[in-house]
Amino acid sequence: MNDRQAIGIDIGGSAIRAACVDLDQGAMAGPRRSVDTPRPAVPDAIAGAIAALLRDELSEPGPVGAGFPAVIKGGIAMTAANVARDWIGTNVEALFAAATGRPVAVLNDADAAGLAEMRFGAGKGRSGVVIMVTLGTGIGTGLFVDGKLVPNTELGHIEVRGKEAELRASAAVKTKKKLSWKAWSARVEEYLQAMDDLFWPDLFIIGGGVSATPEKFLPRMKVRAPMVPAALANDAGIIGAALFGAERPRADV
Ligand code: BGC
């Protein structure tokens with residue numbers, strides 16, 4: 001690994017994915033590695049899985065960053081919407097450092113994906129207010145103002161029709177309720193319209209696994225702000241985590 005590379009880790013509900021990332025190209029500098037997310041996904045089990053991944057597959061020295069699906073402040077998980085409740089109050093950075101023997105900078109997973117999209121993907125060169133929305137197990141958001149991240153926005157939890165948006169419109173809900181693309185995109189549209197009314201963004205970047213087939217749902221939705229699919233697909237979380245690992249000023253976030 002050279003000094004323009006770092007390791008990015010994306011901790012998700014079903015898999016933990018990692019790779020060495022080229023920080024100038026915003027691309028994989030080595031093979032993607034992944035392990036199943038341990039069940040139950042409690043802190044020690046996840047830390048052990050990450051330690052094994054770094055020890056066995058990605059052992060070269062260098063910065064490491066990890067995206068985690070919760071609010072992360074000062075390295076500490078403050079929420080646990082789709083992960084085990086034991087995470088709340090856990091110092092995730094200290095836990096991972098102890099397990100792996102190296103510093104690991106941790107940030108919210110959607111913030112990580114957004115950082116990558118803004119630097120290298122669908123948000124490149126875009127100023128104003130940009131909102132990255134990841135449609136997955138939950139709904140994650142990354143808010144950018146003139147390219148700068150406002151960390152830890154949890155806009156997947158705003159209420160639409162009296163219910164948390166992520167409980168109506170995540171990709172997991174589509175699968176669970178066997179919703180057609182038409183029915184599901186109507187729900188996503190309503191969510192994005194609500195966000196539009198509150199934030200008046202200049203751009204929505206739509207990410208998550210569904211961004212691989214944007215033609216199935218993006219054209220069905222009418223929202224004032226322009227919407228574009230994420231360009232880096234599933235790699236955005238890994239790339240953004242690596243950027244954060246390499247660039248975060250130590251006193252920041
Ligand atoms: C969590 C967010 C996370 C999103 C996507 C939500 O349930 O509250 O922190 O970014 O899921 O994983």
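The values are calculated or read from the model by the stated rules, or taken from the named source; none is laboratory data. Keep in mind the model is a prediction, meaning the values are calculated, not measured. Glycine also receives a Cβ, built like all others from the backbone with ideal geometry; neighbour counts cover every protein chain displayed.
So C20 fits all but one of (1) within 16 Å of the chain's Cα centre (by Cα); (2) outside any loop (DSSP other than H, G, I, E, B); what number is the exception?
The single condition C20 does not satisfy is (1).
Return yes or no: is R39 of a type in the set (D, E, K, R), buried (at least 20 other Cβ atoms within 10 Å of the Cβ) and not in a helix (DSSP H, G or I)? I'd like the intermediate steps shown before the answer.
Working: of a type in the set (D, E, K, R): yes; buried (at least 20 other Cβ atoms within 10 Å of the Cβ): no; not in a helix (DSSP H, G or I): yes.
So R39 does not fit the description; no.
What residue, among those in the stretch 205-234 that are charged (D, E, K, R) and either outside any helix (DSSP H, G or I) or modelled with pLDDT under 95 (or both), is surrounded by the fewest Cβ atoms within 10 Å (Cβ to Cβ)?
In the first step, residues of the stretch 205-234 are kept if they are charged (D, E, K, R); the result is 215-216, 220, 222, 224.
Narrowing the set further to residues that are either outside any helix (DSSP H, G or I) or modelled with pLDDT under 95 (or both) leaves 222, 224.
On the way: K222: 9, R224: 12.
Per the criteria, the residue is K222.
For the stretch 168-177, check the following and say yes or no: at least one residue is of a type in the set (A, V, I, L, M) and within 11 Å of the ligand (Cβ to nearest atom).
Residues of the stretch 168-177 that are of a type in the set (A, V, I, L, M), as a first pass: 169, 171-173.
Of the ones still in play, those that are also within 11 Å of the ligand (Cβ to nearest atom) are 171-172.
The answer is yes, given that some residue of the stretch 168-177 is of a type in the set (A, V, I, L, M) and within 11 Å of the ligand (Cβ to nearest atom).
Give all pairs with beta carbons closer than 7 Å in which a residue from the stretch 212-239 that is over 13 Å from A122 (Cα atoms) meets a residue that is of a type in the set (V, I, T) and assigned to a helix (DSSP H, G or I); count only pairs at least 6 apart in sequence or on separate chains.
F217/V188; F217/V210; M221/V188
Which of the residues belonging to the stretch 1-36 are within 16 Å of the ligand (Cβ to nearest atom) and either among the β-branched types (V, I, T) or surrounded by fewer than 18 Cβ atoms within 10 Å (Cβ to Cβ) (or both)?
Passing the criteria: I9, I11, G13, S14, A15, I16.
Out of all the residues in the stretch 37-52, which are small (G, A, S) and more than 16 Å from the ligand (Cβ to nearest atom)? Write out each step before concluding.
Keep residues of the stretch 37-52 that are small (G, A, S), which gives 41, 45, 47-49, 51-52.
Selection gives A45, A47, G48, A49, A51, A52.
For the stretch 122-154, name all the residues that are surrounded by fewer than 17 Cβ atoms within 10 Å (Cβ to Cβ), touching a helix residue (DSSP H, G or I) at 6+ places or on another chain (Cβ under 8 Å) and of a type in the set (D, E, K, R).
Hit for the stretch 122-154 is K124, nothing else.
Test F244 against the criterion of being touching a residue at least 40 places away in the same chain (Cβ under 8 Å), touching a strand residue (DSSP E or B) at 6+ places or on another chain (Cβ under 8 Å) and more than 27 Å from A66 (Cα to Cα), and give yes or no. Let's see the steps before the verdict.
Details: touching a residue at least 40 places away in the same chain (Cβ under 8 Å): yes; touching a strand residue (DSSP E or B) at 6+ places or on another chain (Cβ under 8 Å): yes; more than 27 Å from A66 (Cα to Cα): no.
When the stated conditions are applied, F244 does not pass them.
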